[in-house]
Each structure stands twice: as C-alpha cells, then as structure tokens.
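Data block below; observations after.
The values are calculated or read from the model by the stated rules, or taken from the named source; none is laboratory data. Predicted, not measured: the structure shown is a model, and the values here were computed from it. Glycine also receives a Cβ, built like all others from the backbone with ideal geometry; neighbour counts cover every protein chain displayed. The protein model used for the area step is the full one, side chains on, heavy atoms only, and it has no ligands, DNA or RNA in it. Shrake-Rupley method; radii C 1.70, N 1.55, O 1.52, S 1.80 Å.
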Amino acid sequence: MKLSLLSLLLLALVSDKVLADDMPMSMPDMLADKDVMQAANACLARHPQGGNSFVENVYPMNRGLVGVVTADSSGRRYDCYAELESGKVRNSAPIIEPRGPLFVSVRQMAAPPKGECFSSSPLVIGRQLQGWLLTQSGKCSGASWNGIETVPKSP
C-alpha cells in the first residue's frame, strides 16, 4: 500500500514509531507526490520573475507543510513554505548568504587561511594576534568560504 506524503507526514505527527524508510526523503521521490508537486509549482510561481526559476531543494516539514528552495540563473534563492493539501504558499523569503567578514580564531588556525574566493587579514588587539578576518574577493559568484586551508608554516 503506497501512502501519500501528506498521510506519512500526518502519521509522523501522531506516532514517533514511523520508520525513516517509510517516508520518501529524496527530491525525486518527494516531487513524484502530486501534493508536493503542487506546492513546488506554487513556490516557483512566487519566485520573483526575470528569468527561469527552478527547484533547488524540497524538504518535509510538520503541520502539513513542505519546504521548497527555489533559485534562478542570477543566483537569487528563496525559501518557500507551502501547504501540502492546497498548495497555498504560506511564506517565501530570500535566502541571504552572509558575505562576511568571517572571523577565524588563531586557536583554530595559527597561519592565515587561504582560499580562491576570499582574502584574509590579521586581527590584532593590543599587539596580540587574535585571528583572521576573511573577506570575499569577488572572484566567485555568491558567498563562498570553500577551500579554507592554512598556509604552510615557513621554516
């Protein structure tokens, strides 16, 4: 017997004995459910116009809601919550990626972190090195802190 996603979510609220295997969690499995697809389409319609938009992620929520992350080719991303039963969008808000600066303590990294998308500068208080402030360099689209690694210590 195949249960709809809405039924599974309601069952999960009533009983904590639902096995994780019984609830489809992959994006293709979730979008195969007509109620989730209705909610995803409603969230796509709510995404600001100006280009093609697409679904980046779908995730189950409680209280009969599903979360849908929409995005477009310009890099705008929105987190949307929609009702499973009706597809009505309850909330859609932009996802704002923090662009920095990001602080890394000298206790975490004794040498300045390096990466393709950011630069690092020392933060000193009273002649005592506290750590490193990382600032986006503009070389990468969006905010990316990927590639943080320490510079090899010089002999």
Excluding ligands, DNA and RNA, what is the solvent-accessible area per residue of the range 27-95 at a probe of 1.4 Å, expressed in Å²? 53
Could you pull the accessible area for E56 with a 1.4 Å probe, rounded to 10 Å²? 80
The range 67-119: trypsin sites (Lys or Arg not before Pro) in DSSP coil with no more than 10 other Cβ atoms inside 10 Å: R107
Check which residues have an amide H placed less than 5 Å from V106's amide H, if you skip close sequence neighbours. G131, W132
Taking the Cα-to-Cβ direction at R63 and at I125 and moving 7 Å from each Cα, how far apart do the two end points lie in nm? 3.9
Please give the contour-minus-distance gain from K34 to S74: 0.36 nm per residue of separation, less the Cα-Cα distance, rounded to one decimal in nm. 11.5 nm
Is the range 96-147 best put as rounded, prolate or oblate by its Cα gyration tensor, with a ≥ b ≥ c the root eigenvalues, rounded for a/c under 1.5, and otherwise prolate when a/b is larger than b/c, oblate when not? prolate
Kirkwood Rh over alpha-carbon pairs of the range 27-95, then Stokes-Einstein at 10 °C and 1.306 mPa s: what D in µm² s⁻¹, rounded to an integer? 137
Projected label distance in nm at R90 and M27, using a 7 Å step from Cα toward the beta-carbon: 2.3
